[in-house]
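Taking it in order: structure first as structure tokens, then the write-up.
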Amino acid sequence: MAEASVETVIERGQRKVKNKAGRYETQYLVEYQARPGGPVVPVWITAQRFEQLFDEGKIGDDL
């Protein structure tokens, strides 16, 4: 899915994984949804990308 068409991103979880340098980094499990009622695409993204989406106001609250 092209991120340019993303309307809503819902956070579903997070994990810590070891990167190539041997350090742990946080990743977030998010679901992309281009339009309400459309298909949901789950994907793991970096903390940096999550912060960028949050700053753009694209992280939705599912509560």
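The table below gives the values:
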item	result
Cross-chain or 6+ apart pairs with Cβ under 9 Å, the range 25-38 first and closer than 22 Å to Glu51 by Cβ and without any contact (Cβ under 8 Å) to a residue 40 or more places away in the chain, then in a loop (DSSP other than H, G, I, E, B) and among the polar types (S, T, N, Q)	Glu25/Asn19
Members of the range 25-45 that are at negative phi and either basic (Lys, Arg) or assigned to a loop (DSSP other than H, G, I, E, B) (or both)	Ala34, Arg35, Pro36, Gly38, Pro39
Identity of the residue in the range 30-45, more than 11 Å from Thr8 (Cβ to Cβ) and at pLDDT 90 or above, that ends up surrounded by the most Cβ atoms within 10 Å (Cβ to Cβ)	Ile45
Residue in the range 14-24 that is touching a helix residue (DSSP H, G or I) at 6+ places or on another chain (Cβ under 6 Å) and modelled with pLDDT of 90 or more present	no
Residue under evaluation Lys16, criteria (1) surrounded by 12 or more Cβ atoms within 10 Å (Cβ to Cβ); (2) in a strand (DSSP E or B), criterion not met	(1)
So Ile10, is it at pLDDT 90 or above, at negative phi and either part of a strand (DSSP E or B) or not hydrophobic (A, V, I, L, M, F, W, C) (or both)	no
Flag if Gln27 is modelled with pLDDT of 90 or more, of a type in the set (S, T, N, Q) and exposed (fewer than 14 other Cβ atoms within 10 Å of the Cβ)	no
Residue in the range 46-59 that is in a strand (DSSP E or B), touching a strand residue (DSSP E or B) at 6+ places or on another chain (Cβ under 8 Å) and modelled with pLDDT of 90 or more present	yes
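The values are calculated or read from the model by the stated rules, or taken from the named source; none is laboratory data. Remember, it's a predicted structure, so these values are computed and weren't measured experimentally. Positions of Cβ are generated from backbone atoms using ideal geometry, with glycine treated the same way; all protein chains shown enter the neighbour counts.
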